[in-house]
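Undergrad: Take this structure first; my questions come after.
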Protein chains: 2
Amino acid sequence: MVKRQLLLLSSSRVHGYGGFLEYASNDICNILTDNNVSTVLFIPYAKRNHEEYLRLAEKPFKKWGFHIASIHTQDPQKAIQEAEAIFIGGGNTFRLLKTLYELDLVKAINKRVLEEGVPYIGSSAGSNVATRSIHTTNDMPIVWPPSLSALNLVPFCINPHFQDNPENSTHMGETREDRILDYQEEPDSSTVLGLREGATLYVKDNQAVIKGIHGGRLYIRGAEPKEIKVGSDISYLLQ
Amino acid sequence: MVKRQLLLLSSSRVHGYGGFLEYASNDICNILTDNNVSTVLFIPYAKRNHEEYLRLAEKPFKKWGFHIASIHTQDPQKAIQEAEAIFIGGGNTFRLLKTLYELDLVKAINKRVLEEGVPYIGSSAGSNVATRSIHTTNDMPIVWPPSLSALNLVPFCINPHFQDNPENSTHMGETREDRILDYQEEPDSSTVLGLREGATLYVKDNQAVIKGIHGGRLYIRGAEPKEIKVGSDISYLLQ
């Protein structure tokens, strides 16, 4: 049986809902408290300045009563093996995934989360790498990871910071939906869950539910794109 | 001596300036007429449906009095060797570059353009692949080329469809400038020329000038980003 607890955030911030991670504080605290987590392992690899990123990320966790320890100050393999919970923050998805491969952490994290039930929280790039692959990231390929395959904690792709087609736009570049449908023209492409800023995906074992304050949009190859409201059960995507 | 004639368009369309390629018709016709071009070789690999793309692309060229032949109906190597002029259209930059590598066309095009002076016109993805690398594409990595190194017809990167930081935006994702500066945090990153929709870069041998109807924004590592107006000579970027 698959054993997992994931909270995947579209974004670290939502306009009008306070600072870093504040809009999702209840869900983050719940997943940590339910698992008696005392210290969260922070993975800052999506940004270049790890120290600065740690200072930003530790604020909300400290306020909520949790310790935070960053992987960049420790032996990375050992840190993963001993983690009570993992939080991967946003930034550039390619940089993040490349670093996870370089440090040989992809399989290690997958095993800890799926076989041992270690709670995983991701935001933006940290949600992207939690999925089957990063084919639907919004980020520029500023570096070149050895593969786009990711942690595979869920068997589909996520597009974080999902944006609806703008009304009355004069911009001629592709919309987000254009880009996702372009991806799905490829023969071995996956289902894509677009998560609007403020949408979160909560997965417990084989149950998946949209939480947060905004919903998402679901792209299954060959089907019409579908609105997914907060509270929707989308466990069928896990099969 | 480097011998080249390039016309690199940010976009195939500009709001309010007519259909496919219409806003750049004068510059396109000039580069073709100056070189006595009768038939343009079209490379449609950035889109999946080559036939449909050919039908779109051939309209303006026919109207202007040029023949167009698509590489997908010919032996690709032979087509490049015999091309009088090359036009690579927009679409997904990863898909385009992957196909160029699969068909072993990267070196062939580079040689024809830089050593034999074959005129090259690119739009959007076609401008991206003309540069040193596609690190600053806006597209999703829907497929996985063997490298991000591109045709290297100019020694810097381009960001097509460049957008200024939006005023009063409530979106929390990175701005285009954030993304380019993220790229330039990487140690071996290049200069990036952001071309607004309607901006074009014209290169003749060792001279480079911004043409079109809108300008761009220039990112040189370690320097303040700089506005580049239509008519600016940026030949110093070619050195």
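No value in this document is a laboratory result; all are computed from the given coordinates. Computed from a prediction, not measured in an experiment: that's the story for all the values here. Here the Cβ positions follow ideal geometry from the backbone for every residue, glycine too, while neighbour counts run over all protein chains shown.
Undergrad: Can you tell which of B:ALA57, B:ALA46 is surrounded by 14 or more Cβ atoms within 10 Å (Cβ to Cβ), small (Gly, Ala, Ser), away from chain A (no Cβ under 14 Å) and under 30 Å from B:ARG217 (Cβ atoms)?
TA: B:ALA57
Undergrad: Report, by residue number, each residue of the stretch B:167-220 that is touching a strand residue (DSSP E or B) at 6+ places or on another chain (Cβ under 9 Å), within 14 Å of chain A (Cβ to nearest Cβ) and charged (D, E, K, R).
TA: Listed by number, the residues that qualify are B:GLU174, B:ARG176, B:GLU177, B:ARG179, B:ARG196, B:GLU197.
Undergrad: Could you tell me whether the stretch B:122-138 includes any residue that is farther than 28 Å from B:ILE68 by Cβ, at the interface with another protein chain (Cβ under 10 Å from one of its Cβ atoms) and surrounded by fewer than 19 Cβ atoms within 10 Å (Cβ to Cβ)?
TA: Within the stretch B:122-138, not a single residue is farther than 28 Å from B:ILE68 by Cβ, at the interface with another protein chain (Cβ under 10 Å from one of its Cβ atoms) and surrounded by fewer than 19 Cβ atoms within 10 Å (Cβ to Cβ).
Residues checked against (1) of a type outside the set (Asp, Glu); (2) more than 17 Å from A:SER12 (Cα to Cα); (3) touching a residue at least 24 places away in the same chain (Cβ under 8 Å):
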site: A:GLN163; (1), (2), (3): yes, no, yes
site: A:PRO166; (1), (2), (3): yes, yes, no
site: A:SER169; (1), (2), (3): yes, yes, no
site: A:GLY173; (1), (2), (3): yes, yes, no
site: A:GLU177; (1), (2), (3): no, yes, yes
site: A:ASP182; (1), (2), (3): no, yes, no
site: A:PRO187; (1), (2), (3): yes, yes, no
site: A:VAL192; (1), (2), (3): yes, yes, yes
site: A:THR200; (1), (2), (3): yes, no, yes
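Undergrad: Here's something else I'd like to know. Could you list, in sequence order, the residues of the stretch B:11-43 that are within 14 Å of chain A (Cβ to nearest Cβ) and more than 19 Å from A:ASP182 (Cβ to Cβ)?
TA: Matches in the stretch B:11-43: B:VAL14, B:HIS15, B:GLY16, B:TYR17, B:GLY18, B:GLY19, B:LEU21, B:GLU22, B:TYR23, B:ALA24.
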